[in-house]
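Below is one structure, written out as structure tokens, with a few remarks after it.
Readers should treat all values here as calculations from the given coordinates under stated rules, not as data from a laboratory. Worth saying up front: this structure is predicted, and the values here are computed from it rather than measured.
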Amino acid sequence: MYPDSYQNILVAIDLSAESEQVLKRAKQIAEITGADTTVLAIVEPINETYAAGLGEGFLSLDLSQIESQAQQRSADKLQQLVDQSGLSCKETRVAIGYPNEEIKFYASQNGTDLIILGSHGRHGIQLLLGSTANAVLHGATCDVLAVRIKPD
């Protein structure tokens, strides 16, 4: 390891099958740099407007309980993906929030010097309307590596 090497890597994944590609690249970089690695997944909050659209029965449910259950299922899936990848990490974490905000927040609060995440390589209007990778790239205070996701 050399002095300018990364020390603290944040890997942000969406728990899809494509996450394996991001974890594979993160493992390569972590092995080269010897950096501590944290893997983060984000569960988007369920708002009352969304629940109302699902039907009257959903309004009576405790949304925090549903989010908590989603967070636990996501934590289980996250650990499974990390175990399958062979990535040695300091921490796995599931947060509730909006992906680009949570990724930037976690990175700024934890001394992250590299964020690794996936990118589908969309262009034009799709990129402008909702690319998490683009939002993180333009808002992070550290280096960002967008791993191009290749379709299976």
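What the table shows:
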item: ³J(HN,Hα) computed for each position of region 90-101 - Karplus, 6.51 cos²θ - 1.76 cosθ + 1.60, integer Hz, glycine/proline x; result: 6, 7, 10, 8, 10, 10, 9, x, 9, x, 5, 5
item: Rounded to whole Hz, the Karplus (6.51, -1.76, 1.60) HN-Hα couplings of region 132-142, x for glycine and proline; result: 4, 4, 5, 5, 5, 4, 8, x, 7, 9, 10
item: Candidate lysines - alpha carbon under 21 Å from K24, same-chain residues fewer than 8 apart omitted; result: K77, K90, K150
